[in-house]
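*Asks:* What follows is a single structure, and I will ask about it in a moment.
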Amino acid sequence: MKRSNITYSQMIGFANSKDASTVYNNKRYLIFYNDLIRPYERQCWTLAHELGHIMLGHLENYNNTRIFRSSLSDSEYTWMEKEADYFASQLLANNLILKELKIENSTQIAKLSNLSKQASKNKFDSFKKYLKFNFKTTDLDKLVLNQFDAFINTTICTNCGYRINTKKCFCPICNESNFERVVTEMIYDQCYELNEKSRAIICPKCENENLEHAGSYCQICGTYLINKCAGQHYIKNTDPDDYENNSCNTLASSNARYCVVCGSKTTFFENELLEDYNIEKQKKEILDPDSFIF
């Protein structure tokens, strides 16, 4: 608007909408949208709706540069809008994925899909009808599920907020074993660069870069270079001082304090190359711009 030197009112007049408008010209599409739209969920829906008009060929098939209600019959305008709405619904909250996630209410849909409360309620009603038909999984469905496999099989640790695969037993950051699906997460830094065998590329302690040897220890400071299960883990529901010392040898990521398989401490955490997750979490919360009050 600033570059074109037009006012907000003029832009709304051009787009014929306060939310968004799609222009088709010379086989190219351009979506104009109002980035002041609140809440954010409405903005997501609006963009998905406009994308629906494009993907469903509403402009190209009707040889329109834009969709104006005045240029279409009531029935044409209605089915175009309904099709675009359905596209947006499937794009933001696909029935196949909701089924795999075992969604039970509209609140879960709102959290996972960034839909408004009303849109989530409408989607949940539609989803319940979809489940009654018990459709067979097609090859195209399998492609969709494969695309979202990491999302479907990922949860958030209820204790520290770290994102983790549901197939794991323990959180690698805090050793918690309870997970849930939520839309926010705490990102813990990948502190050191590791190779495919979880061996440090640069010594995490003295920063020695000359580690081309085949050994597991730094030749300068003697630091163990591989982050993996260290073997010592607390046996739950027993004496507080009762530990096992059997390592399962599971390799770990560079930020892992605990083994995701057996819950043992990792070698990096044991050797104090990683600080306690609570300390890192507190530092991140202090540095979070949203935590500042002006």
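*Asks:* Tell me which residues, restricted to region 191-210, are closer than 16 Å to Thr267 by Cα, buried (at least 16 other Cβ atoms within 10 Å of the Cβ) and of a type outside the set (A, V, I, L, M, F, W, C).
*Replies:* Of everything in region 191-210, those that are closer than 16 Å to Thr267 by Cα, buried (at least 16 other Cβ atoms within 10 Å of the Cβ) and of a type outside the set (A, V, I, L, M, F, W, C) turn out to be Tyr192, Ser198, Arg199, Pro204, Lys205.
*Asks:* Moving to a separate point now. So if I check each of Ser120, Ser106, Ser126, Ser113, which one is at pLDDT below 90, open to solvent by less than 100 Å² (accessible area, probe 1.4 Å) and small (Gly, Ala, Ser)?
*Replies:* Answer to the selection: Ser113.
*Asks:* Moving on. Across region 123-134, what is the number of residues that are among the aromatic types (Phe, Trp, Tyr) and more than 17 Å from Ala93 (Cα to Cα)?
*Replies:* 1
*Asks:* The conditions are (1) touching a helix residue (DSSP H, G or I) at 6+ places or on another chain (Cβ under 8 Å); (2) over 27 Å from Leu47 (Cβ atoms), and Cys171 fails exactly one of them. Which is it?
*Replies:* (1) is the only condition that Cys171 fails.
*Asks:* Suppose the filter is of a type in the set (Ser, Thr, Tyr), exposed (fewer than 12 other Cβ atoms within 10 Å of the Cβ) and at pLDDT 90 or above; does Thr166 pass it?
*Replies:* So Thr166 does not fit the description; no.
The values are calculated or read from the model by the stated rules, or taken from the named source; none is laboratory data. The structure presented is a predicted model; accordingly, all values stated were derived computationally and were not measured. Note that we place each Cβ from the backbone using ideal geometry, even for glycine, and neighbour counts take in every protein chain shown. For the accessible areas, the whole protein counts, side chains as well, though only heavy atoms, and no ligand, DNA or RNA atoms are used. Shrake-Rupley method; radii C 1.70, N 1.55, O 1.52, S 1.80 Å.
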